[in-house]
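All remarks here apply to the structure that follows.
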Amino acid sequence: MGQAARWEKIAREWNGKYYPARGLGMEQKVVAGRDGYLAAIGTTVRDGTGVAYVAIRFPRGGTWQSLPDAITRDPAVLRALGKKNFPRGLRKRLKVEEGLLWFDRPYLLRPNPEQLASLATAFLALLPGRVGRFDGRCEVCGSVPVAEPVLLNRGPSYLCAGCVQAGQQEEVRAERAYTSQAANPTRGLLAGAGAALVGGLAWAVLAVLTGRIYSAVAIGIGALVAYAVKGAMGKVNLPGQVLTALLTLAGVFVGQVFYVAHLIQSRTGFYDLPVALQVYLQVLQVKPITELATFIFALLGVALSFSGMRRPRFRSTVERV
């Protein structure tokens, strides 16, 4: 049986719906309402890694805090995992908060949908007595009956049409307010320059303390600059994105100059930034290949800063299960 057919079989057994991966994407899932709860199993990407997950939504309240301990000791959960004891490494991948139980684990080639379904079934069996059940009414207003769940931003929820519409109208108002506000490029420049300087100094200090250049720090500089520029400008636009990219490169460059200044000071006893700048520019002209790795990571930092400077997402996606 093919992989898609296995997912579809589970969807039929659960009286739910299978959402296949699109194109080369890694996100697919089966969603269903089960025994007064909302269950989803599937695959997605978290922190750059493909993971297979089980997610259970339940009403807020109850003694949900006892679930982690119950899950790690439950025989049915251990059988579904094929383990005698709940592995310590997987404990970190179990997240329980009010209204949501989430568990994921990385996979190499193909996930095992049957194992995910068994895990979901075992998790569901632990919920009664600890948390309540959805009673078929809207989660928001609590009064309008809802026959089937919807996917709100790809997460299952019980929402009535009126609350969905009200939420969308609020999102439109928020989007209009964001669009109408003016960006503050001066504050963005000052905050971004400060962040680039701090990032560059941190780069140089780390290099001095360890005696090594950690090019990957450039990625962190990009994240720091993006956070600073975005917070100070108050609005994401193209000039802000360009500014963030340039400041990220400047932060990397400054870090290298500070490190060269330290090398000069260790030999001459004098700390001279202008001389360090001249020396580093000569290095770039004479031996640019030696700095190739540094600026490859700098470009990765730029890419990260661009991703951090995306326009906020206001519109929710709503799909029927």
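Inverting the mean 1/r over all pairs of different Cα atoms, compute the Kirkwood radius of the range 225-268 and quote it in Å.
Working: mean 1/r = 0.0837 Å⁻¹.
Value: 12.0 Å, from the Cα pair sum.
Give the accessible surface of the range 137-263 per residue, rounded to a whole number of Å², with probe radius 1.4 Å and ligands, DNA and RNA excluded. It would help to have the intermediate numbers written out before the result.
Values: 6250 Å² over 127 residues.
Solvent-accessible surface per residue comes out at 49 Å².
For the range 234-242, what does the Karplus curve 6.51 cos²θ - 1.76 cosθ + 1.60, with θ = phi - 60°, yield as ³J(HN,Hα) per residue in whole Hz, taken in order and with x for Gly and Pro?
x, 7, 8, 9, 4, x, x, 5, 5
Of the residues 117, 32, 261, which exhibits the maximal mean-square fluctuation in a Gaussian network model of the chain defined by a 10 Å Cα contact cut-off?
For the chain, modelled as a Gaussian network with Cα springs under 10 Å, the answer is 261.
Out of 157, 215, 305, any idea which swings most in a Gaussian network model of the chain, alpha carbons joined below 10 Å?
Top of the fluctuation ranking is 215.
Given contacts defined as C-alpha pairs under 8 Å and at least six residues apart, what's the relative contact order of the chain, whole-number percent? The partial results should precede the final answer.
On the way: 518 pairs, mean separation 50.3, N = 321.
Here the relative contact order equals 16 percent.
Taking every pair of alpha-carbon atoms in the range 142-211, what share in percent sits in each 5 Å bin, from 0 to the bin with the longest distance?
Reading the bins upward from 0: 3, 12, 10, 11, 9, 8, 8, 9, 10, 9, 6, 4, 2, 0.
Please list, or write none, the lysines whose alpha carbon is within less than 27 Å of the alpha carbon of residue 17, excluding same-chain residues fewer than 8 places away.
Within the straight-line limit of under 27 Å, residue 17 reaches these lysines: 9, 29, 95.
Kindly identify the range 80-232 as rounded, prolate or oblate by the Cα gyration tensor criterion: order the square roots of the eigenvalues as a ≥ b ≥ c, call it rounded if a/c is under 1.5, otherwise compare a/b with b/c, prolate if a/b is larger, else oblate.
oblate
Using +1 on the beta carbon of Lys and Arg, -1 on that of Asp and Glu, and nothing else charged, what's the dipole of the chain about the Cα centre, debye to 20?
Details: 38 positive and 20 negative charges, 110 e Å.
About 520 debye.
Between residue 170 and residue 183, 0.36 nm times their residue separation minus their Cα-Cα distance comes to what?
Working: separation 13, 0.36 × 13 = 4.68 nm, distance 2.21 nm.
The residue 170-residue 183 span can extend by a further 2.5 nm.
Size of the dipole of the range 165-242 about the Cα centre, Lys and Arg at +1 and Asp and Glu at -1 on the beta carbon, nothing else charged, in debye to 20?
On the way: 6 positive and 3 negative charges, 34 e Å.
Dipole size: approximately 160 debye.
With label points built 7 Å along Cα→Cβ from the Cα atoms of residue 267 and residue 287, find their separation and express it in nm.
A separation of 1.1 nm, rounded to one decimal place.
Can you pull the percent of the chain's accessible area that's carbon plus sulfur, 1.4 Å probe, other chains left in place? Please list the in-between numbers first.
On the way: 10320 of 17760 Å².
On the chain, the fraction of accessible area on carbon and sulfur atoms equals 58 percent.
Under a straight-distance cross-link criterion of Cα-Cα below 17 Å, which lysines are reachable from residue 92, leaving out those fewer than 8 residues away in the same chain?
Within reach: 83.
Scattering from the C-alpha atoms of the chain alone, worked out with Debye: what is log10 I(q)/I(0) at q = 0.08 1/Å?
Here the Debye-derived log intensity ratios amount to -0.57.
As a test of understanding, state the convex hull volume per residue of the range 1-70 from its alpha carbons, in Å³. Mind showing how you got there, number by number?
Details: hull volume 9.4 nm³, N = 70.
For the range 1-70, the hull spanned by Cα atoms encloses 134 Å³ per residue.
Using the beta-carbon distance between residue 49 and residue 190 and R0 = 41 Å, what value does 1/(1 + (r/R0)^6) give for FRET efficiency, to the nearest 0.05? Mind showing how you got there, number by number?
Values: r = 37 Å, r/R0 = 0.90.
Efficiency, rounded to the nearest 0.05: 0.65.
Taking K and R as +1 and D and E as -1, what net charge do the other residues with C-beta under 14 Å from the C-beta of residue 8 add up to?
Neighbour charge sum, excluding residue 8 itself: +3.
From Cα coordinates alone, what are the radius of gyration and Dmax values for the range 30-87 in angstrom?
Cα-based Rg and Dmax for the range 30-87 come out at 13.5, 34 Å.
Just 128, 274, 145 to compare: in a GNM of the chain, with alpha carbon springs under 10 Å, which one fluctuates most?
Sorting by GNM fluctuation, first place goes to 274.
Taking the simple approach of a point 7 Å from Cα along Cα-to-Cβ for both residue 310 and residue 201, what is their distance in nm?
Modelled inter-label distance: 3.2 nm.
The values are calculated or read from the model by the stated rules, or taken from the named source; none is laboratory data. All values derive from a computational prediction rather than experimental measurement. Every residue, glycine among them, receives a Cβ derived from its backbone with ideal geometry; neighbour counts consider all protein chains shown. Heavy atoms of the whole protein, side chains included, go into the accessibility calculation; ligands, DNA and RNA do not. Shrake-Rupley method; radii C 1.70, N 1.55, O 1.52, S 1.80 Å.
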